[in-house]
Amino acid sequence: MIGVAEAFSPGYAEARRKFLQGCVAAGLKVDTHPHPLKGRDGEALAMDVALDGPADAKHLLIVTSACHGIEGHCGSGVQVFALHDAEWRDKARAAGVAVLYVHALNPHGFSHGRRVTQENVDLNRNFVDYTQPLPVNEAYAGLHALLLPTEWPPSPNNQAQIAAWIDTHGVAAYQAAISGGQYQFDDGLFFGGKAPTWSNRTFRQVLRAHGQAAQRLAWIDLHTGLGPNGIGERIFACRDDRAAYARANAWWGTPEAPVTSIYDGSSTSALLTGLMCTAMYEECPQAEYTAIALEYGTQPILEVMGALRADHWLHAHPEAAPELADAIHAQMLEAFYTDTDAWKGQVISQARQAMFQAVDGLAARS
């Protein structure tokens, strides 16, 4: 076993080292997909993949981290702990469920302390059909200049205009306008991109290599930044499909805490475009697919949005004073990673429960 706090890491390089060491300890082969760029400290970057179970397993659970780079502090900790968790591994093996760990979907963002990829793209808005006209987010277009002012911290006038917008439209509308996804402003927040990113293309390769034998496929995608601190919201992560939602609730929901959905407004997340789950349907069409994003709360939504605004401003202003840059990096980390033993314990216990439930759900369909 490994200690709960010990499973987590303060940076990408250490997180990757712990993941690779965990794979060695578990006797698992690692498929490494090298990233074309280096990390913040010059380290090698990669999407690392390990399969615990037979390659031809009919039941497959995928557990992913760092779709939104900096959120990898949380997801990597869950994966590292799982690799050392003999009870968990025995549970999956006995049920005939193979487990595919995909470490650092977006290693560049993880290393550089950003949520986005090296293309400044939100990976979970990047799975759209780029041969077709891209969605237009008019509400975001009206806010873009306010969100990224010329100076940081924002002027009192800028803050007043943002506050007036929220007073008029509400916090939920503000969140939806910004986070739903936009494809017009390359330097903006929640930019979906103009083409598939490296992470998009590489994840599809992983699915083709490991997912096409599965008859039943489950996915737990680990995230942070929405909801009450330490609470893992189970957000439906499939198409708007009634049967899949019923399965997800049967596996992971309770009467007191049902699986939430972006489609009916029950989730803390807004309705999103370009979702990564699109790749599951396109690359593994033979499988019955059931999934959640496990979203752990950190700070109130306006504080998280403020950290994202600061991060994007800094990306556009590399000449910023080192003291300001350091403060923004620290603000981002706190918005997506609560570095306390109590929070880490909540993360592990809830993820572990969800993983056990996924195995039960897959096996019950035998």
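Apolar share of the accessible surface for the chain: 55 percent from carbon plus sulfur atoms, 1.4 Å probe. Highest mean packing first, where packing is the average number of other Cβ atoms within 10 Å per residue, the peptides 115-124, 93-102 line up as 115-124, 93-102. For the chain, DSSP calls about 40 percent of its internal beta bridges antiparallel. Here the peptides 58-68, 144-154 are ranked by packing, the mean other Cβ count within 10 Å, and the order with the highest first is 58-68, 144-154.
Surface analysis of the chain yields an accessible area of 40 Å² per residue, using protein heavy atoms and a 1.4 Å probe. In terms of its alpha-carbon gyration tensor, region 219-316 comes out oblate; a/c meets the 1.5 threshold, while b/c is at least as large as a/b.
When only the Cβ of Lys, Arg, Asp and Glu is charged (+1, +1, -1, -1), the dipole of the chain relative to its Cα centre reaches about 1080 debye. Computed from phi, the 3J(HN,Hα) profile of region 221-235 under the Karplus parametrisation 6.51, -1.76, 1.60 (θ = phi - 60°) reads 9, 8, 9, 9, x, 10, x, x, 4, x, 8, x, 6, 9, 9 Hz, with x in place of Gly and Pro. Suppose R0 equals 41 Å. What FRET efficiency, 1/(1 + (r/R0)^6) with r the Cβ-Cβ distance, do Glu87 and Leu37 give to the nearest 0.05? Here the calculated transfer efficiency is 0.60.
Ligands, DNA and RNA aside, Ile166 has an accessible area near 30 Å² when probed at 1.4 Å. Note on the chain: the alpha carbon radius of gyration divided by the globular reference 2.2 N^0.38 Å gives 0.95.
Here the Karplus relation 6.51 cos²θ - 1.76 cosθ + 1.60, evaluated at θ = phi - 60°, turns the backbone of region 49-57 into coupling constants of 10, 9, 9, 9, x, x, 5, 9, 4 Hz, with x for every Gly and Pro. Roughly how far apart, in whole Å, are the Cα centres of region 1-72 and region 166-188? So the separation of the two Cα centres works out to 32 Å. Annotation: peptides 127-140, 293-306, ranked by per-residue average of other Cβ atoms within 10 Å with the highest first, follow the order 293-306, 127-140.
The values are calculated or read from the model by the stated rules, or taken from the named source; none is laboratory data. This is a predicted model, so every value here is computed, not measured. Counting neighbours? That spans all protein chains shown, and the Cβs are built from the backbone with ideal geometry, glycine included. With ligands, DNA and RNA removed, areas are computed over all heavy atoms of the protein, side chains included. Shrake-Rupley method; radii C 1.70, N 1.55, O 1.52, S 1.80 Å.
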